[in-house]
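Q: One structure coming up, written as structure tokens, with questions to follow.
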């Protein structure tokens with residue numbers, strides 16, 4: 001059953017990548033080669049031991065983005081320099097906000113390697129599906145524990161990472177390093193999906209993840 005769930009997460013990632021390719025034209029193999037090289041570099045340090053702690057955190061989205069979008073972002077065109085500058089500040093604030101959690105994880109789970117996705121800078125040619133696929137691959141390959149930062153349920157990437165952790169039967173912890181059960185994660189995802197939809201931000205990927213986790217419709221989801 002776990003293997004089948006993992007396959008479905010992979011199928012969802014493949015679908016997202018194909019959808020992106022269809023909307024942007026042909027993709028090249030360079031992105032996959034970069035991902036392979038990064039995995040090899042990590043393996044050189046971690047030696048293929050599945051003992052790492054992965055910290056799943058919103059980077060480009062999350063509650064900070066939702067608040068900014070509702071207050072101001074929705075009025076700006078994405079190509080507007082103001083949009084780019086303010087969105088960049090949202091990303092910077094998200095990265096800064098997770099630093100204390102990273103430090104708590106390093107202290108509380110001492111002796112185990114900690115994978116912090118905010119340390120990976122922009123990669124030329126990569127779009128969101130590339131990052132999603134890469135970090136899910138990292139979790140499958142190296143993680144034994146996944147810690148979810150506050151607001152993870154508002155992030156498409158974190159939602160996929162939760163599904164991947166559930167599929168692999170990994171230990172999952174919340175931002176207070178307390179156990180995060182499948183049921184608690186589903187409830188948070190369902191509430192966030194409904195809020196994202198009310199804000200006009202979609203939430204379709206979270207809804208798909210809920211489907212993979214066995215939840216037909218989140219509260220407030222209309223047919």
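The values are calculated or read from the model by the stated rules, or taken from the named source; none is laboratory data. What you see is a predicted model, and the numbers here were worked out from it, not measured in a lab. Virtual Cβ from ideal backbone geometry, glycine too; neighbours counted across all protein chains shown.
Q: Can we say residue 113 is surrounded by fewer than 16 Cβ atoms within 10 Å (Cβ to Cβ) and over 13 Å from the mean Cα position of the chain (by Cα)?
A: On the way: surrounded by fewer than 16 Cβ atoms within 10 Å (Cβ to Cβ): no; over 13 Å from the mean Cα position of the chain (by Cα): yes.
The answer is no for residue 113.
Q: Further question: Just for the range 109-120: of the residues that are touching a strand residue (DSSP E or B) at 6+ places or on another chain (Cβ under 9 Å) and part of a helix (DSSP H, G or I), which one is nearest to residue 47 (Cα to Cα)? Break it down into steps so the answer makes sense when it comes.
A: As a first pass, look at the range 109-120 and keep what is touching a strand residue (DSSP E or B) at 6+ places or on another chain (Cβ under 9 Å): 109, 112-118.
Checking which are part of a helix (DSSP H, G or I) leaves us with 117-118.
Values: 117: 19, 118: 22 Å.
Result: 117.
Q: Output the residues belonging to the range 161-176 that are surrounded by 16 or more Cβ atoms within 10 Å (Cβ to Cβ) and either over 16 Å from the mean Cα position of the chain (by Cα) or not in a strand (DSSP E or B) (or both). Full working, then the answer.
A: Keep residues of the range 161-176 that are surrounded by 16 or more Cβ atoms within 10 Å (Cβ to Cβ), which gives 161-168, 170, 172-175.
161, 162, 163, 164, 165, 166, 167, 168, 170, 174, 175, listed by residue number.
Q: Right, here's the next one. How many of the residues making up the range 49-78 are within 17 Å of residue 114 (Cβ to Cβ) and either over 14 Å from the mean Cα position of the chain (by Cα) or free of Cβ contacts under 8 Å to residues at least 24 places away in the same chain (or both)?
A: Within the range 49-78, the subset within 17 Å of residue 114 (Cβ to Cβ) is 49-57, 59.
With either over 14 Å from the mean Cα position of the chain (by Cα) or free of Cβ contacts under 8 Å to residues at least 24 places away in the same chain (or both) added as a condition, the list becomes 49-53.
The qualifying residues number 5.
Q: Select from the range 121-153 the residues that are more than 25 Å from residue 47 (Cα to Cα) and modelled with pLDDT of 95 or more and write down the one among them that is surrounded by the fewest Cβ atoms within 10 Å (Cβ to Cβ).
A: So, considering only residues that are more than 25 Å from residue 47 (Cα to Cα) and modelled with pLDDT of 95 or more, the one surrounded by the fewest Cβ atoms within 10 Å (Cβ to Cβ) is 150.
Q: In the range 16-49, how many residues are touching a helix residue (DSSP H, G or I) at 6+ places or on another chain (Cβ under 6 Å) and either in a loop (DSSP other than H, G, I, E, B) or at pLDDT 65 or above (or both)?
A: Of the residues in the range 16-49, the ones touching a helix residue (DSSP H, G or I) at 6+ places or on another chain (Cβ under 6 Å) are 16-17, 20, 27, 31, 35, 46.
When the remaining residues are screened for being either in a loop (DSSP other than H, G, I, E, B) or at pLDDT 65 or above (or both), the result is 27, 31, 35, 46.
Total meeting the criteria: 4.
Q: OK, next. Are any of the residues in the range 90-105 within 28 Å of residue 39 (Cβ to Cβ) and in a loop (DSSP other than H, G, I, E, B)? Full working, then the answer.
A: If we filter the range 90-105 for residues that are within 28 Å of residue 39 (Cβ to Cβ), which is where we start, we get 91-92, 94-99, 101-105.
Adding the requirement that they be in a loop (DSSP other than H, G, I, E, B) leaves none.
No.
Q: Another one. Provide a single number: the residues in the range 105-118 that are modelled with pLDDT of 95 or more and out of contact with any helix residue (DSSP H, G or I) (no Cβ under 7 Å at 6 or more places or on another chain).
A: The total comes to 1.
Q: Could we say that residue 124 is without any contact (Cβ under 8 Å) to a residue 12 or more places away in the chain and assigned to a loop (DSSP other than H, G, I, E, B) here?
A: On the way: without any contact (Cβ under 8 Å) to a residue 12 or more places away in the chain: yes; assigned to a loop (DSSP other than H, G, I, E, B): yes.
So residue 124 fits the description; yes.
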